[in-house]
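J.: Can you keep this structure in mind? I'll have questions shortly.
The values are calculated or read from the model by the stated rules, or taken from the named source; none is laboratory data. These figures come from a predicted structure and were not determined experimentally. For neighbour counting, all protein chains shown are included, and Cβ atoms are generated from backbone atoms with ideal geometry for every residue, glycine included. Side chains included, ligands, DNA and RNA excluded: accessible areas come from the protein's heavy atoms. Shrake-Rupley method; radii C 1.70, N 1.55, O 1.52, S 1.80 Å.
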Amino acid sequence: MPILLLALPALPLAAQESSPVAQAADAVTPDAPDENANADGQAPAAQEPVSDPYGRTTPRSMVQGLIEALAAGDDARVDRFFEDAEHGAERARQLQALLDKGGSLNTFAALSDKPEGVLDDDLPAEQEYVGNLGDEGKTPIMLTRSQSNEGAMIWQVSRQTGDIVGRLNPETTSPEESGELTVAGASVTDWGVLIGLAAAVFVGFQLISMALVAIAERLVRGPTAEAGVAFARAAMPPFSLFLATVVFQIWADSLPVSIIARQFMLKYIGLFAAAALTWLLVRLIDTISRTVITRMEARGQRQVVSVASLLRRAAKILLLFGVLVAILDTFGIDVTTGIAALGIGGIALALGAQKTVENFVGSVSLIADKPVQIGDFCKIGDILGTVEDIGIRSTRIRTLARTVVTIPNGDLSSQNIENYAKRDRFLFNPTVGVEYGIGSAKLLEAVEIVEGVLEEHERIAKPGHRARFVAFGASSLDIEVFAYIEAADYDESLVIQQDLLLMIFARLEKEGIGIAFPTRTLHLVREGGEEGLARAKPDTSLADTHREGAQAVPKGPPPSQVQDSEDDDGED
């Protein structure tokens, strides 16, 4: 940092001072045994870190403790915050005077709350930048880290910064000496300036936001534009509050008022900024979720409505939790342990509600991928039916038997889903069997008739349709039909399929080509060698067409003899 190098005098730190002779001795002399080692030469066990009674363990707590000591006017305590403790009380009054005239300290939120400070600021690890003195060169205020007499690692105002403050030698007059009324270590006038500035900035931004909304309402027309105006009307109050806090922080940081009052206002004004941002985000979440829910309800996608409502609640809870953490941190309450406990509790809750979480994730994946929607006729595993509802935990399907099957979404997302509602075409693939006795010419004519019906029908997808003679069946000459019906749903495809079959049947019937059906032929052989042929009635009860060969009748008396024998028996 060039400013830092020019502003600070080239005075080495006391902890870094060493003569060339000492450095040479260190280079030649072998390592001496550790004085703290025990008799066996082993280092003692690590001790717990020593706490500092003045709260100087982090840059944030050090600056906060210094401000509190200045407000209390406790000179014996103030000098503990300076590396040059001999002139600590005097340097503290001089530093306060410089800060009251325009110097600045980093805000509470900007100061590091870690014992090691900020490590990525291009400064040595034992130094920390916390503000500037407000002079022409904006001399930085630096802290140094060292070990106290009690053994604790503490932060203090560096000796170099104290020397610069001493050379500037500002006039130090306390409010009590000037006869001004003070509150919490700062004059009432300074408090009034800061509070008045905050009120003026907030009211000004509120008036500007109201004017912008009024202008937008007059200029904008239409349903879409009205929705935007409604959102602006809801978002402008928190947005104007957030902008007001940002502007106040910028202006107040450079005002020549008491640093005590200024740091107090800047510390707690951050709460208003966090509240305004949370307010704005909550209204944004409500507006977006309301828009999504309205559109999904109009489309009948109730599962999206359920998920949107759940996500809206979860987002609000996370926002409120973040604001609560910020508030507790501002008041100096350590939330690290609480957050760790919540993390462990969250893990335990997640393990206990593993199935519930799995079902929720499954419902989100169903909504995102949309393999099925409400009203779709589908097959999920072995279940065939219509989807009636997709909820957060499960999906309900109405089967063909009119029963309702409930499937957890976690299981549903891992199964094979065949969605019949997504078909753009329906397969038309019947086999037309004609009689054997028509001859080859008529068979070719039958094929041409079937193909002609496909060609002429407007709901058959073209190209890609065909009719071909494919096999000599058991009782028919088989013509295979392959085509796609262009229909919106299954019911419509059935109507078109019926129309095609009736047209094929009518044209074949007109040309004298009969449709084959299952038949059985019996060959009866008499004892005398005469062969008679009798054609049995069609056996329509057979599921598969077949033809049986000649069957020999067992040897025995001819039918006439059987009849005579029966008559003789009757006479006896």
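J.: Do you know which of the residues in the stretch 413-452 that are aliphatic (A, V, I, L, M) and under 55 Å from the mean Cα position of the chain (by Cα) is most open to solvent (accessible area, probe 1.4 Å)?
T.: L427
J.: Given (1) surrounded by fewer than 16 Cβ atoms within 10 Å (Cβ to Cβ); (2) free of Cβ contacts under 8 Å to residues at least 24 places away in the same chain, where does F482 come up short, assuming only one miss?
T.: All conditions are met except number (2).
J.: Still on this structure, please answer the following. Give me the strands (runs of 3 or more DSSP E) completely within the stretch 96-159, filtered to those with at least 2 residues that are more than 45 Å from the chain's Cα centre (by Cα) and closer than 18 Å to G55 by Cα, ordered by residue number.
T.: Output list reads 140-147.
J.: While we're looking at this one, here's another question. Given the conditions (1) closer than 30 Å to G102 by Cβ; (2) part of a helix (DSSP H, G or I), and given that P256 satisfies all but one, which numbered condition is not satisfied?
T.: All conditions pass for P256, except number (2).
J.: Residues of the stretch 75-95 being open to solvent by 20 Å² or more (accessible area, probe 1.4 Å), within 16 Å of T172 (Cβ to Cβ) and at pLDDT below 85, which ones?
T.: Those that are open to solvent by 20 Å² or more (accessible area, probe 1.4 Å), within 16 Å of T172 (Cβ to Cβ) and at pLDDT below 85: D75, D79, H87, A89.
J.: Does the stretch 236-253 hold any residues that are under 18 Å from A109 (Cα atoms) and outside any loop (DSSP other than H, G, I, E, B), and which are they?
T.: The answer is F242, L243, A244, T245, V246, V247, F248, Q249, I250, W251, A252.
J.: Considering each of G410, G385 in turn, give the residue that is surrounded by 16 or more Cβ atoms within 10 Å (Cβ to Cβ), free of Cβ contacts under 8 Å to residues at least 60 places away in the same chain and within 21 Å of V305 (Cβ to Cβ).
T.: Exactly one residue qualifies, and that residue is G410.
J.: Report yes if A467 is part of a strand (DSSP E or B), under 26 Å from K510 (Cα atoms) and free of Cβ contacts under 8 Å to residues at least 40 places away in the same chain, otherwise no.
T.: Yes.
J.: For L500, indicate whether it is open to solvent by less than 50 Å² (accessible area, probe 1.4 Å) and modelled with pLDDT of 90 or more.
T.: Spelling it out, L500 is indeed open to solvent by less than 50 Å² (accessible area, probe 1.4 Å) and modelled with pLDDT of 90 or more.
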